[in-house]
Every structure is written in C-alpha cells, then in structure tokens.
1. Could you look through segment 190-215, keep only residues that are of a type outside the set (A, V, I, L, M, F, W, C) and more than 29 Å from His152 (Cα to Cα), and pick out the one that is nearest to the ligand (Cβ to nearest atom)?
2. Restricted to segment 1-16, and to residues that are among the hydrophobic types (A, V, I, L, M, F, W, C) and within 18 Å of Lys159 (Cβ to Cβ), which residue is farthest from the chain's Cα centre (by Cα)?
3. Looking for something away from the ligand (no atom under 15 Å from the Cβ), within 25 Å of Glu106 (Cβ to Cβ), surrounded by fewer than 18 Cβ atoms within 10 Å (Cβ to Cβ) and modelled with pLDDT of 95 or more - is there at least one such residue anywhere in segment 159-181?
4. Which count do you get for residues in segment 29-60 that are touching a helix residue (DSSP H, G or I) at 6+ places or on another chain (Cβ under 8 Å) and closer than 21 Å to Ala218 by Cα?
5. So which strands (runs of 3 or more DSSP E) are wholly in segment 1-71 and hold at least 3 residues that are surrounded by 18 or more Cβ atoms within 10 Å (Cβ to Cβ) and away from the ligand (no atom under 16 Å from the Cβ)?
6. Would you point out the residue of segment 106-144, among those that are among the acidic types (Asp, Glu) and within 15 Å of the ligand (Cβ to nearest atom), that is surrounded by the most Cβ atoms within 10 Å (Cβ to Cβ)?
7. Take Val213 and decide whether it is hydrophobic (A, V, I, L, M, F, W, C), within 30 Å of Gln83 (Cβ to Cβ) and surrounded by 14 or more Cβ atoms within 10 Å (Cβ to Cβ).
8. What pairs come out if I take residues in segment 231-249 that are more than 26 Å from Gly93 (Cβ to Cβ) and pair them with residues that are surrounded by fewer than 22 Cβ atoms within 10 Å (Cβ to Cβ) whose C-beta lies under 6 Å away, six or more apart or interchain?
Amino acid sequence: MRKNIVAGNWKMNNGLSQTQALISDIKKQTQISDAEVMIAPSFTNLWHAFEALRQDNIEVVAQNMHFAENGAYTGEVSAGMLQSIGVKTVILGHSERRAYYNETDESLAKKVDAALANHMRIIFCFGEELADRKAGNEESVVESQIKNALFHLGADAFKNIVLAYEPVWAIGTGETASPDQAQDMHAFIRKTLANKYGKEVADNVSILYGGSVKPNNAKEIFGKPDVDGGLIGGASLKAEDFYAIVNAF
Ligand code: PEP
C-alpha cells in the first residue's frame with residue numbers, strides 16, 4: 001500500500017540558528033493527516049536536525065549525495081556518511097542539480113545504485129522543462145528520465161523509491177501544474193512503471209508532485225488519485241505553511 005508523503009526541501013537556506021528556530025516552530029504544529037513528513041536541511045544542519053527530531057515523527061533526509069563510497073571527491077558527501085549520522089533517505093535528481101551541476105540520467109543511475117547499495121530510500125525527482133511541454137513532449141521526456149535512471153533496477157528496488165514529478169516550469173515560479181495536469185502525468189508515470197514491472201509494483205510506488213505547492217492549492221492537487229503527496233520548496237520554510245500543506249490530506 002503506497003504512503004502519502006510530504007517532504008520539505010529547504011535547499012541552500014537556513015544556517016544553524018534558523019534551522020533551530022524552524023524546527024522549534026515545526027514542533028509546535030499539529031498534524032492531523034496520515035502523511036509521512038520529511039524535511040531536507042542542508043548537509044551542515046542534518047546532524048542537528050536529526051538530533052532535534054529524534055523523538056518526533058519527522059524524518060530528516062538529505063538533498064543529494066555522491067555515488068562513490070569515499071575518496072578524492074572534494075566537497076562531496078557519500079551515502080555511507082549520511083547513514084553514519086542516521087539519515088536514511090536522499091533526494092536525487094532535483095532539477096536544480098540537473099541544471100546547475102550537470103547531473104545526467106547516467107550519473108543519477110550511479111547515485112541511485114549507491115543509495116540502494118547502502119540501504120537508503122530515494123526520492124527520485126524528474127520533470128520536463130517549459131519548452132518540452134509547449135512542444136507536447138512532456139510524456140516522452142519524463143519517460144526517458146525514468147527509464148534511463150531507474151529501469152536497470154529489479155522490481156524489489158521500488159520498495160525503496162519514491163518518485164517526485166516536478167515540472168521545471170513550476171518550481172519556484174509560483175506557476176503550478178493544474179491538478180488535472182498533475183494527475184494526467186502521475187497516471188502516465190504509473191502506467192510506465194506498470195508496463196515494465198507490473199501493476200502491483202506500480203500501485204505501491206508513491207508519486208509526489210512538486211512545483212509551487214502552497215497551502216491554498218495543496219488540497220486540490222493531493223485530492224487527485226495518483227498524487228501521493230508533495231515535494232515542497234519555498235512553502236516548507238515556514239512551519240505554518242508547511243503544516244497547512246501536510247494537513248491538506
Ligand atoms: C522544489 O524545489 O522541489 C520545489 C517544488 O520548489 P517550490 O515548492 O518552491 O516550487
């Protein structure tokens with residue numbers, strides 16, 4: 001049975017004191033939904049967040065990792081390092097990493113393998129650019145992103161993979177895919193998975209939507225049958241807004 005998940009991607013925001021303040025605000029919120037809640041602070045704040053939320057039902061996840069176990073990769077962090085501080089889930093393939101750090105389907109496939117080899121769960125992001133959608137190519141772009149990075153895996157791997165459809169044109173722009181656009185793409189993603197791995201696998205994978213989800217649109221988007229939650233950027237930086245989204249389920 002797939003889970004509802006709301007994950008906050010803090011990106012490169014919040015030093016230690018802001019992290020402490022935001023976590024303290026988060027702890028004051030009341031959750032009435034059954035969604036799993038995750039936050040992804042920067043690397044420097046992961047340990048603090050992990051310790052601060054140890055007793056709470058909020059998972060602390062990483063925004064990225066390297067594919068190698070260790071070695072001469074200055075500035076990078078490995079799956080083993082994340083595991084060593086208790087972080088068990090990593091976001092991979094965010095469009096900002098694809099755009100600014102040249103992450104490709106091929107390099108992401110290596111990261112996916114490294115994360116799974118280290119028994120980590122993955123939130124795997126993908127999504128088309130505006131030009132792709134204008135040209136009517138959104139499905140083929142999304143299909144190839146998924147196939148190239150994930151379809152070398154066996155069906156069992158999908159127990160540890162959450163998919164996040166994030167149309168690039170909707171990230172941080174205030175422009176949201178309409179609930180119907182999100183549903184259509186999520187249904188297409190599930191069909192693509194079902195064609196390769198069968199219906200049972202496809203039905204059990206959580207597919208999140210990301211792209212300008214806010215308290216005022218979350219309920220309608222999450223109400224769609226193939227949308228199992230959200231990856232939230234800007235609105236995850238305010239505890240009240242984030243929890244309004246969590247409680248939209
Ligand atoms: C994101 O970066 O994953 C994201 C969805 O950002 P925002 O909610 O700000 O559009």
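1. Ser212
2. Result: Met1.
3. yes
4. Counting residues in segment 29-60 that are touching a helix residue (DSSP H, G or I) at 6+ places or on another chain (Cβ under 8 Å) and closer than 21 Å to Ala218 by Cα gives 8.
5. Of the strands (runs of 3 or more DSSP E) lying wholly inside segment 1-71, those with at least 3 residues that are surrounded by 18 or more Cβ atoms within 10 Å (Cβ to Cβ) and away from the ligand (no atom under 16 Å from the Cβ) span 58-60.
6. Per the criteria, the residue is Glu128.
7. Yes.
8. That search, which allows pairs on different chains as well, returns Ala239/Asp25; Ala239/Gln29; Tyr243/Gln29; Ala244/Pro215; Asn247/Ile32; Asn247/Ser33.
The values are calculated or read from the model by the stated rules, or taken from the named source; none is laboratory data. Values in this document were obtained by computation on a predicted structure and should not be read as measured data. Using ideal geometry, Cβ is built from the backbone for each residue, glycine included, and neighbour counts are taken over all protein chains shown.
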